[in-house]
Amino acid sequence: MPVFWLALMLMYIFAVNFRRWGLPYLPTVGMYDPSVGKTPLELMRHMVLPVATLAIISTAGYSRFVRSSVLEVLGMDYIRTARAKGLAYAFVIRKHALPNAALPFITIIGLDIPLLLAGAVVTERIFAWPGMGRLFIDHTERSDFPMLMGILMIIAVAVVVFQIITDIVYSIVDPRIRLE
């Protein structure tokens, strides 16, 4: 489902309808309510809808990917051998299948985090959040190349850092993989 449609539906349900029904409703735009002030609780209230939008979109893809990965691993010989030895199905899944199925998922997460840092342009536009994506679009319209180069450099560094973190997590999840 498109990000903009999901964001607008969440705004319609949790802001417009909740307010109409007399329920506590969520704010739709910006980071703070000027009448309340800049408190961490107010920031969290304003983060609920944008974070939910990004999480719902990401969760759909991740769940499909994990399911296909686990199904592929369940067909492997070592899984059948573990089951033939009499190990419980839940134990085989937890100790044998999930660690091997998790490696491709860790790669996807490691690549997605820098993209979230780079900015979710549509989400930032809809919820009027000042983020990296919005900054990039605004300075592209102005042809501000030094700012664009700086943003791209930050994104490139984030990709490298998160790939290193991904490699470290690999070695934690699967001890057969060693960092040398």
**Accessible-area ranking of Ile109, Ile165, Ile154, largest first, probe 1.4 Å** = Ile154, Ile165, Ile109
**Message:** I need to check one value: relative contact order of segment 14-115, counting alpha carbon pairs closer than 8 Å and at least 6 residues apart, in percent.
**Reply:** 18
**Request:** Pull out a ≥ b ≥ c, the square roots of the eigenvalues of the alpha-carbon gyration tensor of the chain, then state rounded if a/c is under 1.5, prolate if not and a/b is larger than b/c, and oblate in the remaining case.
**Result:** oblate
**Fill in**
Honestly segment 1-87 on the Cα gyration tensor test (a ≥ b ≥ c root eigenvalues; a/c under 1.5 rounded, otherwise a/b vs b/c for prolate or oblate) is just prolate
**Request:** Have a look at Glu72, Glu42, Glu141 and tell me which one the Gaussian network model of the chain (Cα, springs below 10 Å) gives the largest fluctuation.
**Result:** Glu141
**Heavy-atom accessible surface of segment 43-121: percent carbon and sulfur, 1.4 Å** = 70
**Asked** For segment 102-161, what relative contact order do you get, as a whole percent, if you take Cα pairs closer than 8 Å and at least 6 residues apart?
**Response** 32
**Prompt:** Under a 1.4 Å probe, what is the accessible area of segment 37-150 per residue, stated in Å²?
**Reply:** 61
**Asked** Let a ≥ b ≥ c be the square roots of the eigenvalues of the Cα gyration tensor of segment 87-180; is it rounded (a/c under 1.5), or, if not, prolate (a/b larger than b/c) or oblate?
**Response** oblate
**Prompt:** Taking each full run of DSSP H in the chain as one helix, which ones are at least 18 Å long along their axis (Cα atoms) and have mean Kyte-Doolittle hydropathy of at least -1.0?
**Reply:** 40-74, 98-118, 145-173
**Asked** What whole number of Å gives the distance from the Cα centroid of segment 31-96 to the Cα centroid of segment 150-177?
**Response** 19
**Request:** Assign unit charges at the C-beta atoms only (+1 for Lys and Arg, -1 for Asp and Glu), then state the dipole size of segment 1-137 relative to its Cα centre in Debye, rounded to the nearest 20.
**Result:** 400
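The values are calculated or read from the model by the stated rules, or taken from the named source; none is laboratory data. What you are looking at is a predicted structure, and each value in this text was computed from that prediction instead of being measured. Note: ideal-geometry Cβ built from the backbone for every residue, glycine included; neighbour counts use all protein chains shown. These accessible areas exclude ligands, DNA and RNA; they are computed on the full protein's heavy atoms, side chains included. Shrake-Rupley method; radii C 1.70, N 1.55, O 1.52, S 1.80 Å.
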